[in-house]
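The values are calculated or read from the model by the stated rules, or taken from the named source; none is laboratory data. Owing to the predicted nature of the structure, the values given are computational and were not obtained by experimental measurement. Neighbour counts run over all protein chains shown; Cβ positions are idealised from the backbone, glycine included.
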Amino acid sequence: MNKAIVLLSGGLDSVVSLSVIKEKCTEIIALTFNYGQKSYLAEKKAAEQVSQYYKIENKVIDLDWLSVISTSSLTTKDTIPYISKDNLDNISIAQNTAKSVWVPNRNGLFVNIAACFAEAYNYDTIIIGANKEEGTTFKDNTIEFVNAINTSFENSVNSKIELVAPLINMTKEEIVNIAIQKNVPLELIHSCYISEEKHCGFCESCQRLKRALEQNRRTDIIEKIFEREN
């Protein structure tokens with residue numbers, strides 16, 4: 001690993017992935033995507049602040065057309081589903097939530113756009129925050145996805161480019177633990193599906209983050225980044 005492009009949403013997984021590979025690379029740029037998601041403004045702010053913290057360049061890629069063809073609750077007026085902490089490990093319920101927020105081929109599109117930049121500017125690695133916990137309901141968060149993309153790169157680019165998912169075998173609890181060890185600025189992240197100043201605390205992404213913080217006894221971070229419960 002020498003020069004890397006990080007897919008940086010500003011959420012827990014992408015930020016911790018950045019922290020894991022930061023010292024292994026001579027140069028890093030971050031790509032943040034605007035595909036009409038409800039959380040875009042908060043994601044953009046988080047990605048900018050995290051990039052400044054780690055002293056790397058951050059580029060925003062606009063993909064307005066993706067929201068036009070998407071029926072995801074992330075990009076339409078449909079209500080984003082809430083899920084209780086007790087149901088996070090209920091595969092049936094989590095699959096229904098995942099179906100609601102699914103954006104057509106989103107990660108496949110993102111990594112291939114990153115490959116365009118990598119080939120054009122001679123970068124050899126693309127970093128994605130795919131992880132074990134979300135891989136149970138999102139197939140683009142699995143090692144099979146990573147391997148398939150790397151196989152496709154063999155025939156779609158003229159240089160050696162590898163997609164790497166440093167958190168692929170980790171749960172959210174383990175990811176937060178790594179973040180604590182590496183002094184990741186967790187107060188800067190935005191993992192929520194909406195774009196308020198603080199995390200809503202009720203969407204699946206929020207619930208997984210909150211549970212992981214609780215498991216690591218970091219209630220101080222919860223108090224900083226989550227709305228107070230009534």
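Within segment 109-141, the set of residues being aliphatic (A, V, I, L, M) and either surrounded by fewer than 21 Cβ atoms within 10 Å (Cβ to Cβ) or at pLDDT below 95 (or both) comprises 109, 113, 120. Of all residues in segment 27-50, which are of a type in the set (A, V, I, L, M), in a strand (DSSP E or B) and more than 13 Å from the chain's Cα centre (by Cα)? Matches in segment 27-50: 28, 29. As a summary of the residue check, residue 203 satisfies the conditions (1) more than 17 Å from the chain's Cα centre (by Cα); (2) under 20 Å from residue 37 (Cβ atoms) except for the one numbered (1).
Do the conditions hold for residue 11, that is, is it within 23 Å of residue 169 (Cα to Cα) and in contact (Cβ under 8 Å) with a residue 12 or more places away in the chain? Explain how you work it out, then say what you get.
Working: within 23 Å of residue 169 (Cα to Cα): yes; in contact (Cβ under 8 Å) with a residue 12 or more places away in the chain: yes.
When the stated conditions are applied, residue 11 passes them.
Filter segment 26-41 down to the residues that are farther than 19 Å from residue 5 by Cα and either of a type in the set (Ser, Thr, Tyr) or surrounded by 23 or more Cβ atoms within 10 Å (Cβ to Cβ) (or both) and list them by number.
Of the residues in segment 26-41, the ones farther than 19 Å from residue 5 by Cα are 36-41.
Residues satisfying the conditions are 37, 39, 40.
Look through segment 14-25, keep the residues that are closer than 24 Å to residue 171 by Cβ and of a type outside the set (A, V, I, L, M), and return whichever of them is surrounded by the fewest Cβ atoms within 10 Å (Cβ to Cβ). Working first, answer last.
Initial filter on segment 14-25 (closer than 24 Å to residue 171 by Cβ): 14-24.
Subset that is of a type outside the set (A, V, I, L, M): 14, 17, 19, 22-24.
Numbers: 14: 26, 17: 26, 19: 20, 22: 15, 23: 7, 24: 13.
That would be 23.
Tally time: how many residues in segment 171-230 are part of a helix (DSSP H, G or I) and of a type in the set (S, T, N, Q)?
Number satisfying all stated conditions: 6.
Of all the listed residues (59, 55), the sole one being more than 18 Å from residue 196 (Cβ to Cβ), exposed (fewer than 15 other Cβ atoms within 10 Å of the Cβ), touching a residue at least 24 places away in the same chain (Cβ under 8 Å) and basic (Lys, Arg) is 59. Of the residues making up segment 85-108, those that are touching a residue at least 40 places away in the same chain (Cβ under 8 Å), buried (at least 17 other Cβ atoms within 10 Å of the Cβ), part of a helix (DSSP H, G or I) and aliphatic (A, V, I, L, M) number 3. Scanning segment 20-52 for residues that are in contact (Cβ under 8 Å) with a residue 24 or more places away in the chain and basic (Lys, Arg) yields 22, 38, 44, 45.
Report yes if some residue within segment 68-78 is touching a strand residue (DSSP E or B) at 6+ places or on another chain (Cβ under 7 Å), crowded, with 19+ Cβ neighbours inside 10 Å and free of Cβ contacts under 8 Å to residues at least 60 places away in the same chain; otherwise report no. No, the conditions are met nowhere in segment 68-78.
Please pick out the residue among 144, 162, 173 that is surrounded by fewer than 23 Cβ atoms within 10 Å (Cβ to Cβ) and touching a Ser or Thr at 6+ places or on another chain (Cβ under 6 Å). Exactly one of 144, 162, 173 is surrounded by fewer than 23 Cβ atoms within 10 Å (Cβ to Cβ) and touching a Ser or Thr at 6+ places or on another chain (Cβ under 6 Å), namely 162.
For residues that are of a type in the set (Asp, Glu) and more than 24 Å from residue 21 (Cα to Cα), tally how many sit in segment 33-81. Can you show your working first?
To start, the set of residues in segment 33-81 that are of a type in the set (Asp, Glu) comprises 43, 48, 57, 62, 64, 78.
Keeping just the survivors that are more than 24 Å from residue 21 (Cα to Cα) gives 62, 64, 78.
The qualifying residues number 3.
Residue pairs whose Cβ atoms lie under 9 Å apart, sitting 6 or more positions apart in sequence or on different chains, and linking a residue in segment 152-169 that is within 12 Å of residue 126 (Cβ to Cβ) to a partner that is among the hydroxyl-bearing types (Ser, Thr, Tyr) and outside any loop (DSSP other than H, G, I, E, B), are 161/125; 162/125; 163/125; 164/17; 164/125; 165/17; 166/17.
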